[in-house]
Amino acid sequence: MKRAQRGGRTLVPILGQLRSYDRTWLRGDLIAGVTVAALIVPKNLGYAGIAGIPLQNGLYAAAAGAIAYGIFGTCRQISMGPSSGLAAVAASAVLAAGLTTPQDAASFVAGITLASGILFLLLAVLKMGWIAQFLSRAVVTGFLFGAAIDVVIGELPKLTGTKATGSNPIQELRSWIGTLGEVQPATVVVGAIALAVVFGLRAVAPRVPGALVLVVGGLVAAELFDLGARGVALVGEVPSGLPSLEIPNLTLMWDKVGIVAVAAVALSLIGFSQTAGDARAFSAKHRYRIDINQESTAQSLANTAAGVFQGMPVSTSLSASSLNDHSGAKTGLASLTSGATVLLTLIFLAPLFSNLPLPVLAALIIEAVIMGMMNVREMRRLARVQRFDFWIAVVAILGTLIFGVLAGVVIGIGLSLIWLVSVATHPEMPSLGRQPGTQVFRETEGHPGDELLPDVAVVRLDGGLFFATADALEDRLRDVIQSAPELTGVVLDCEGINFVDSQGAAKMAEIANLAGEAGVNLRLARLKPAVRAVLEKDGVIERLGADRIHGNIHRAVEAEQAAAQKRRDGEPD
């Protein structure tokens, strides 16, 4: 019975949190939940606008995601809901599918959300949460930056009351520039004021919820100045009421199955990488454990719920989660409170948003993507720390702008895999020199004064010895042997070799034969037990001789110099 209870608390973490609930936490959880709802309601209207679906659908997703994660998530401070990055992916999927009606777009977005939920569940069952690591941070930074530019360009016509066309952001921008002679003055004024308000508040009063202020101000201005009659477009009807349970159009999903698959993978990789990182940060701060595989389950159920309730993709929001934390959230009850508050908003307040001016919504979206997706600080850090990563991010940006957001994700995944293969197949193999007056051997690069021995070369392999690196090691040692005819021995420092496969073991035997044919002894130093066990099974240790396996580099060098002296003296090794 106790085992079942423990299993239940693991599958439904909120039960464990409530069993040990401290009543003094209640006030903080409730305040945090309502405060976060006030932040996310206006933002989720914007995220729905990015995805090109009815605005209320963004609130459906916010409520479903918050409630599902509050029940099944293991991080107590995370706020789950739509995000600008996921909305951009959803919008690109709609565009790639060639859908033009709001009904088809909404059903398709709900469908890819459901598909991503199923994929998250698969990752949880197979315990493959680690797969999110295959999308490098540089690629994610570049992709989000490019997607933000795409979204901003797409919102510009709403700020001027004009139309723009094009198959990619560059063409859209060119088209929009061509329409500047037809702008609607009232729309431009409203858009400019909205941008000034939302960015000005962030600059001078960052604690003020700028999105909420902007939405309320836009609704008041629309009523006071009758903006609709002055030619300013409004968002249109936003019905009140709760979402109904509805399965997305399966025929449409099947007809666009390729796009659905790519979008689901993109949403899963981006969503999980965001949530996993934030969950680890908050759990470390508050000193409790999270379960990464349970996080996959929670994201699966949150996206599944959002999908079947006509919503859009959800993941963590760092800004909302940080507000949740600062407002006193102690358990998942805060997330449940946020979800319930959004539902009350849908019931009682949703129709108020019908009069929201489109340029105000555009300003809200632009602020969200610029501040949430354009990470200039990270781009500068990449340029300063590792130029290769910076150029990877730049390529991801260009790929997104030229080929579209969804294609940009595919390009990003491809870049990540290419980078991974490149690193794995080109391990560092530095030469080591001896620090003067010591027995310490270290890399010669950065220590030009260290002693390079004329008769013994020391090389270290930093990485596994397997099918992808075996030939590289052979080429490196061949160059060392052929470039120094006076060598009597080569010491391979194996400290960095943490695993070896059958091909790597076979290659080690071939390298030993190569060295022997050149009249050079191969010696291994600092060999890990697991690696030695594999080499022993393949007969490599026997081929080398146990006397050529050494505990450290100094002993290996001394042994080789002593053996060379014996050979010169005509004595056997």
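General remarks:
- Ratio of Rg to Rh for region 1-130: 1.05 [Cα atoms; Kirkwood radius as inverse mean 1/r over pairs].
- From phi via Karplus (6.51, -1.76, 1.60), per-residue ³J(HN,Hα) for region 45-50 in Hz, x at Gly/Pro: 4, x, 5, 5, x, 4
- Qualifying aspartates and glutamates (Cα of each under 18 Å from Cα of Lys256; at least 8 residues distant if same chain): Asp104
- Across the chain, the relative contact order, built from alpha-carbon pairs under 8 Å that are at least six residues apart, equals 23 percent.
- Debye intensity ratio in log₁₀ form over the Cα atoms of region 411-473, taken at each q of 0.17 Å⁻¹: -0.69
- Calculated from backbone phi, Karplus (6.51, -1.76, 1.60) coupling profile of region 180-195 in Hz, x at Gly/Pro: 5, x, 10, 5, 9, x, 4, 5, 4, 4, 4, x, 5, 5, 4, 5
- Across Glu237, Glu182, the residue with the most accessible area heads the list, and the full order at a 1.4 Å probe is Glu237, Glu182.
- For Lys163, the aspartates and glutamates whose Cα comes closer than 18 Å to its Cα, not counting residues fewer than 8 places off in the same chain, are Asp150, Glu155, Glu172, Glu182.
- For the listed residue pairs Lys127/Lys537; Lys43/Lys330; Lys43/Lys158; Lys127/Lys507, the alpha carbons are over 26 angstrom apart in Lys127/Lys537; Lys127/Lys507.
- Accessible surface ranking for Leu492, Leu415, 1.4 angstrom probe, highest first: Leu415, Leu492.
- Accessible surface of Ile67 - all protein chains present, 1.4 Å probe, nearest 10 Å²: 60
- The C-alpha atoms of the chain define a longest principal axis, and helix 470-483 lies at about 40 degrees to it.
- Helix 210-224 axis versus longest C-alpha principal axis of the chain: approximately 20°, rounded to the nearest ten.
- Listed values for region 66-77 are Karplus-derived 3J(HN,Hα) couplings in whole Hz (6.51 cos²θ - 1.76 cosθ + 1.60, θ = phi - 60°), namely 5, 5, 5, 5, x, 7, 10, x, 9, 8, 7, 10, and x replaces Gly and Pro.
- Long-range HN-HN contacts of Ser83 with modeled amide H, under 5 Å: Ser315
- Only protein atoms count toward the accessible area here, which uses a 1.4 Å probe; on the chain, the carbon and sulfur part of that area reaches 61 percent.
- Translational diffusion of the chain, estimated by Stokes-Einstein from the Kirkwood radius over alpha carbon pairs at 20 °C in a medium of 1.002 mPa s, is 79 µm² per second.
- For region 458-517 and region 245-261, distance of Cα centres in Å: 52
- Aspartates and glutamates with Cα under 15 Å of Lys285, excluding same-chain neighbours fewer than 8 positions away: Asp325
- Between region 186-233 and region 274-313, the alpha-carbon centres lie 33 Å apart.
- Of the chymotrypsin sites (Phe, Trp or Tyr not before Pro) found in region 94-167, none is in coil by DSSP with at most 10 other Cβ atoms within 10 Å of its Cβ.
- DSSP beta bridge pairing in the chain, given as percent antiparallel to the nearest 5: 40
- Rounded Å value of the spacing that divides the Cα centres of region 93-111 and region 57-78: 24
- Within region 442-550, the ratio Rg/Rh, alpha carbon atoms throughout and Rh by Kirkwood, equals 0.95.
- Mean shadow area of region 178-334, taken as a quarter of the surface of its Cα convex hull (nm²): 14.4
- Residues whose placed amide H lies under 5 Å from that of Val440, excluding near-sequence neighbours: Gln435
- Heavy-atom SASA rank of Arg202, Arg434 (probe 1.4 Å, accessible area, largest first): Arg202, Arg434
The values are calculated or read from the model by the stated rules, or taken from the named source; none is laboratory data. All figures in this text were calculated on a predicted structure; none of them were measured in a lab. No Cβ is skipped: glycine too gets one built from the backbone with ideal geometry, and neighbour counts run over all protein chains shown. Each accessible area value is taken on the protein alone, full model and side chains, heavy atoms only, with ligands, DNA and RNA left out. Shrake-Rupley method; radii C 1.70, N 1.55, O 1.52, S 1.80 Å.
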